[in-house]
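Novice: Structure below; questions to follow.
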Amino acid sequence: MEPGHCEQGSRLYDLYYDKSVAWATAEANGRSSSNLDYEKARCAYIEHVVECKDCAWDVLAFAYLDAVEHSDAAHAVCAAH
């Protein structure tokens, strides 16, 4: 389990990480890839750790999330989720 996460938070983080690696690998290999799965996993992870009293959001925000802001498409995915 990732430090600072509850069991569900750790599972969501693992999914988010796996989707980000898959997306980055596809892009690096020149395959056109939608980042929709990555954005969905990222949004689910963020929503969980923000709402979960067992996940250390104040630590996780800096340790596990990048500083890049969501694109407009990512905002739409989060809003629809």
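Nothing in this text is a laboratory measurement; each read-out follows from the coordinates by a stated rule. Everything numeric in this text was worked out from a predicted model, so none of it was measured. Every residue, glycine among them, receives a Cβ derived from its backbone with ideal geometry; neighbour counts consider all protein chains shown.
Novice: In what order do E47, E7, E39 fall by count of nearby beta-carbon atoms within 10 Å, going from fewest to most?
Specialist: The most exposed by this proxy come first: E7, E47, E39.
Novice: If you don't mind, another one. In what order do W23, W57 fall by count of nearby beta-carbon atoms within 10 Å, going from fewest to most?
Specialist: Fewest-to-most ranking of W23, W57: W57, W23.
Novice: If you don't mind, there's one more thing I want to ask. What net charge is computed for the residues neighbouring S34, neighbours being all others with C-beta under 14 Å from the C-beta of S34, Lys and Arg scored +1, Asp and Glu -1?
Specialist: Working: positive: K19, R31, K40, R42; negative: E27, D37, E39.
That works out to +1.
Novice: Could you line up L36, L15 from fewest to most neighbouring Cβ atoms inside 10 Å? Walk me through the numbers on the way to the answer.
Specialist: Numbers: L36 13, L15 17.
Neighbour counts put them in this order, fewest first: L36, L15.
Novice: Here's another thing I want to ask about it. Between N29 and Q8, what FRET efficiency follows from the Cβ-Cβ distance if R0 is 41 Å, with the result rounded to 0.05?
Specialist: On the way: r = 32 Å, r/R0 = 0.78.
The value I calculate is 0.80.
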